[in-house]
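Right, one structure below, let's go through it.
The values are calculated or read from the model by the stated rules, or taken from the named source; none is laboratory data. Quantities reported herein were computed from a predicted structural model and do not represent experimental measurements. Please note: Cβ atoms are built from the backbone with ideal geometry, for glycine as well, and neighbour counts cover all protein chains shown. Heavy atoms of the whole protein, side chains included, go into the accessibility calculation; ligands, DNA and RNA do not. Shrake-Rupley method; radii C 1.70, N 1.55, O 1.52, S 1.80 Å.
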Amino acid sequence: GLACPAEPLKHSVMANDEIGYRLATGQVLAKPQLARFTQHAARFADGSTVDGLDAVVFATGFGLKFSFMDESILPNNPAELELYKLVFPAGLTKPTLSVIGCLSTVGAHPPIYELQARWAVRVFLGLSALPDKETMLKRIRADRLELKQRFGHVKLQLLNLPYRDEIAEEIGVKPSFWRLVLRDPKLAFLCYFGPAFPVQYRLVGPHPWSGAADHAKAALSNTLYPFKSPNPDNKQSSFALAKIMKLILFFGLLAVVFSHAM
């Protein structure tokens, strides 16, 4: 098979259901590093050769370049890029520019772009303030060091959910477990122990959605059972689940209070 050159979360991830089948049936051949090309052949590092090539496709990805912007603001080298939380250039006197989507992550990207855009708009309107330049540069240097330790070089790849929660805190839309659990235990349980659906960032804070709570509760079942017929027992089972979760949370709260009392 194909060996990963790095530990999990320290290298790019490719999700492909077909690659294993193609390798097993010989439709795709795994080869080592390419050494050189001849006129109609490719030679690899182990000395093997593939002859009679008609075409070669270089699947190298893309390079990070901001050709439309002065390099003093947005340099093309990721190691020199000074973006506060990968959104705001720290070198600007006023925050009149934001960069949306200049990152990679394992998981859905659009929810991140939405949060970045919401934060940028609030900063532009003066509803949210950025820290001073030195504070932003200190954070940028710390992030850069962490990326070097993880990947061996500066690679703009972040953990999806922690980054989303951090930007949500900047906007004021990250839901609080303890506030939710008093208002709606089932919703609190789903938000903190279930899948992180983007609608959770419309529950509280600026620009909430009145249907967010109902959508958050139904999102998991809608994802898992989109083709199932309506079940008349769903309401009763949902009520039973809510009672179980309330009991779990109640005993959990008692355990926390008791531990602090001791």
Qualifying positions in segment 102-121 - touching a residue at least 40 places away in the same chain (Cβ under 8 Å) and either of a type in the set (D, E, K, R) or assigned to a loop (DSSP other than H, G, I, E, B) (or both): CYS102, LEU103, VAL106, GLY107, ALA108, GLU114, ARG118
All positions within segment 16-47 that are assigned to a helix (DSSP H, G or I) and over 28 Å from LYS155 (Cβ atoms): TYR21, ALA24
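Regarding segment 79-96, can at least one residue be identified that is over 30 Å from PRO195 (Cβ atoms), in contact (Cβ under 8 Å) with a residue 60 or more places away in the chain and either open to solvent by 50 Å² or more (accessible area, probe 1.4 Å) or not acidic (Asp, Glu) (or both)?
Here is the first cut: in segment 79-96, the ones over 30 Å from PRO195 (Cβ atoms) are 79-82, 89-96.
Now restrict to residues that are in contact (Cβ under 8 Å) with a residue 60 or more places away in the chain: 79, 81.
Add one more test, that the residue is either open to solvent by 50 Å² or more (accessible area, probe 1.4 Å) or not acidic (Asp, Glu) (or both), and what stays is 79, 81.
Yes, there is a match, as at least one residue in segment 79-96 is over 30 Å from PRO195 (Cβ atoms), in contact (Cβ under 8 Å) with a residue 60 or more places away in the chain and either open to solvent by 50 Å² or more (accessible area, probe 1.4 Å) or not acidic (Asp, Glu) (or both).
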Count of residues meeting criterion [closer than 18 Å to ASP165 by Cα and without any contact (Cβ under 8 Å) to a residue 40 or more places away in the chain] in segment 175-195: 13
Lone unmet requirement of (1) within 22 Å of GLY107 (Cβ to Cβ); (2) among the aliphatic types (A, V, I, L, M); (3) more than 16 Å from the chain's Cα centre (by Cα) for VAL181: (1)
Count of residues meeting criterion [open to solvent by 90 Å² or more (accessible area, probe 1.4 Å) and in contact with a His (Cβ under 8 Å, 6 or more places away or on another chain)] in segment 13-56: 1
Selected residue (criterion: nearest to LEU161 (Cα to Cα)) from residues of segment 201-216 that are open to solvent by 40 Å² or more (accessible area, probe 1.4 Å) and assigned to a helix (DSSP H, G or I): ARG202
Criterion violated by ALA142 - all others in (1) assigned to a helix (DSSP H, G or I); (2) touching a residue at least 24 places away in the same chain (Cβ under 8 Å) satisfied: (2)
Count - residues of segment 76-101 that are at pLDDT 90 or above and assigned to a loop (DSSP other than H, G, I, E, B): 17
Pick from segment 122-139, criterion free of Cβ contacts under 8 Å to residues at least 40 places away in the same chain, outside any helix (DSSP H, G or I) and of a type in the set (A, V, I, L, M), ranking: least open to solvent (accessible area, probe 1.4 Å): ALA129
Near pairs, Cβ below 6 angstrom, 6+ apart or cross-chain, from segment 39-67 (closer than 30 Å to LEU81 by Cα) to any residue that is open to solvent by less than 100 Å² (accessible area, probe 1.4 Å): LEU64/PRO78; LYS65/ASN76; PHE66/LEU74
Cross-chain or 6+ apart pairs with Cβ under 6 Å, segment 147-174 first and closer than 22 Å to ALA79 by Cα and open to solvent by 40 Å² or more (accessible area, probe 1.4 Å), then aliphatic (A, V, I, L, M) and part of a helix (DSSP H, G or I): LYS155/LEU147
GLU71 being under 21 Å from LYS148 (Cα atoms), open to solvent by 90 Å² or more (accessible area, probe 1.4 Å) and not β-branched (Val, Ile, Thr): no
Of all residues making up segment 48-75, the number that are at pLDDT below 85, of a type in the set (Ser, Thr, Tyr) and more than 20 Å from GLY152 (Cα to Cα): 1
